[in-house]
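The values are calculated or read from the model by the stated rules, or taken from the named source; none is laboratory data. Keep in mind it's a predicted model, so treat the numbers as computed, not measured. Don't worry about glycine lacking a Cβ; one is built from the backbone with ideal geometry, like all the others, and counts go over all protein chains shown.
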Amino acid sequence: MFERLPPLVSVIIPVYNDGERLRLCLEALEQQTYSKDRYEVIVVDNGSDATANIKGIVQQFDNAIAQSELMPGSYAARNKGLSVAQGEVIAFTDADCIPAPDWIETGVDHLQRVDNCGLVGGEIEIFWRDPNQPSTVELYESILAFRQQDCIEKHHYSVTANLFTWKQIIETVGVFNDQLKSNGDIEWGKRVYAQGYQQVYAEDVRVAHPALYSFKQLRQKVIRYAGGAYDRKHQPEYNWLEANWLFLEAIAFNLMPPVFFAINNYQDPQLKNLTDKLKVILTMTLVRYITVLELLRLKLGGVSARQ
């Protein structure tokens with residue numbers, strides 16, 4: 001009898017003006033323990049400047065191919081990758097992520113082990129520029145960013161920085177909503193859940209992700225996420241009353257001081273002293289107020305951010 005080959009995996013990576021970190025990601029993918037002839041890497045350039053040299057970087061890696069998608073948004077880029085993917089398994093990560101050496105092998109193993117598995121979401125480990133001296137924003141990111149277990153077990157989706165699924169699942173539930181610049185992973189994951197598929201959090205399926213460092217970066221991220229949430233609630237599945245009720249709910253929630261956040265995270269071991277704790281609580285408050293301002297701007301006719 002012939003031994004069945006491991007499933008072919010297509011790794012899809014959207015990128016926008018991030019060539020140097022993409023190179024680190026591709027180097028990590030080149031070192032995978034999974035059989036080299038059983039996975040492909042598809043990098044989709046989402047309209048980067050010529051100086052980023054995305055295609056030139058991709059050409060330096062034997063198992064990677066470059067595609068282009070000019071429609072703005074990472075979900076449009078991921079859909080482009082899906083349109084050319086040959087794999088039975090689809091894996092998503094981001095250009096600024098560094099997958100562990102056994103990332104593909106472990107992700108596929110979890111996907112195969114669970115009956116009726118719709119997706120596997122792995123751990124996203126945040127790291128700092130200087131491990132001994134994190135900025136306020138890096139501390140905040142370490143506690144709040146990419147809480148993958150909560151995303152899967154409480155909210156029924158996986159962040160696309162570390163997501164495995166079967167191509168058959170995508171053919172059943174559909175591709176990402178390319179009208180969303182953010183929150184597309186939430187919308188897609190909830191479709192998978194609604195179809196009755198299992199969703200698995202796998203702590204040992206790991207990628208490393210750099211924390212944001214500055215308040216400018218954090219503000220851009222908050223604005224993008226707020227825009228994605230706003231746009232998602234104004235899709236056809238929500239009627240006018242539902243969309244506006246959810247809008248008011250979001251405003252009310254973000255205007256409240258983060259009391260429960262402060263209580264639940266006060267003993268976090270990453271917060272070594274009272275100053276760290278206060279910094280993170282004040283940052284959380286700032287994030288909430290930026291969210292409110294962005295939601296109000298969009299309600300008054302503004303356009304959500306590109307990326």
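When each of Val43, Val11, Val15 is tested for being free of Cβ contacts under 8 Å to residues at least 60 places away in the same chain, surrounded by 19 or more Cβ atoms within 10 Å (Cβ to Cβ) and among the hydrophobic types (A, V, I, L, M, F, W, C), the lone residue that passes is Val43. Scanning segment 1-46 for residues that are more than 22 Å from Gly107 (Cα to Cα) and assigned to a loop (DSSP other than H, G, I, E, B) returns Met1, Phe2, Tyr16, Asn17, Asp18, Asn46.
Conditions (1) buried (at least 20 other Cβ atoms within 10 Å of the Cβ); (2) farther than 28 Å from Ile169 by Cα; (3) modelled with pLDDT under 90; (4) hydroxyl-bearing (Ser, Thr, Tyr), marked per residue:
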{"position": "Glu203", "(1), (2), (3), (4)": "no, no, no, no"}
{"position": "Ala208", "(1), (2), (3), (4)": "no, no, no, no"}
{"position": "Leu218", "(1), (2), (3), (4)": "yes, yes, no, no"}
{"position": "Asp231", "(1), (2), (3), (4)": "yes, no, yes, no"}
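Do you know which residues across segment 229-257 are more than 20 Å from Lys181 (Cβ to Cβ) and touching a residue at least 40 places away in the same chain (Cβ under 8 Å)? Ile251 - this is the single residue of segment 229-257 that is more than 20 Å from Lys181 (Cβ to Cβ) and touching a residue at least 40 places away in the same chain (Cβ under 8 Å).
Here are some residues: Val108, Val120. Which one is surrounded by 18 or more Cβ atoms within 10 Å (Cβ to Cβ), in contact with a His (Cβ under 8 Å, 6 or more places away or on another chain) and not charged (D, E, K, R)?
Among Val108, Val120, only Val120 is surrounded by 18 or more Cβ atoms within 10 Å (Cβ to Cβ), in contact with a His (Cβ under 8 Å, 6 or more places away or on another chain) and not charged (D, E, K, R).
Leu180 passes every criterion in (1) surrounded by fewer than 20 Cβ atoms within 10 Å (Cβ to Cβ); (2) at negative phi apart from (1). Going residue by residue through segment 149-156, is there one that turns out to be in contact (Cβ under 8 Å) with a residue 60 or more places away in the chain and either charged (D, E, K, R) or surrounded by fewer than 18 Cβ atoms within 10 Å (Cβ to Cβ) (or both)? Scanning segment 149-156, I find no residue that is in contact (Cβ under 8 Å) with a residue 60 or more places away in the chain and either charged (D, E, K, R) or surrounded by fewer than 18 Cβ atoms within 10 Å (Cβ to Cβ) (or both), so the answer is no. Looking only at residues in segment 183-192 that are surrounded by 18 or more Cβ atoms within 10 Å (Cβ to Cβ) and within 16 Å of Asp150 (Cβ to Cβ), the one that is farthest from the chain's Cα centre (by Cα) is Gly189. Whether a residue is among the aliphatic types (A, V, I, L, M), in the same structural domain as Ile170 (by TED's automatic domain parsing), over 17 Å from the mean Cα position of the chain (by Cα) and surrounded by 21 or more Cβ atoms within 10 Å (Cβ to Cβ) was assessed, and Ile65 does not pass this test. The listed residues are Ile126, Ile143, Ile98, Ile90, and the only one of them that is of a type in the set (A, V, I, L, M) and over 30 Å from Thr283 (Cβ atoms) turns out to be Ile90. Of all the listed residues (Val15, Val11, Val58), the sole one being under 23 Å from Ser304 (Cβ atoms) and either touching a His at 6+ places or on another chain (Cβ under 6 Å) or at pLDDT 95 or above (or both) is Val15.
If I filter segment 174-182 for residues that are without any contact (Cβ under 8 Å) to a residue 40 or more places away in the chain, under 16 Å from the mean Cα position of the chain (by Cα) and part of a loop (DSSP other than H, G, I, E, B), do I get at least one hit?
Within segment 174-182, none of the residues are without any contact (Cβ under 8 Å) to a residue 40 or more places away in the chain, under 16 Å from the mean Cα position of the chain (by Cα) and part of a loop (DSSP other than H, G, I, E, B).
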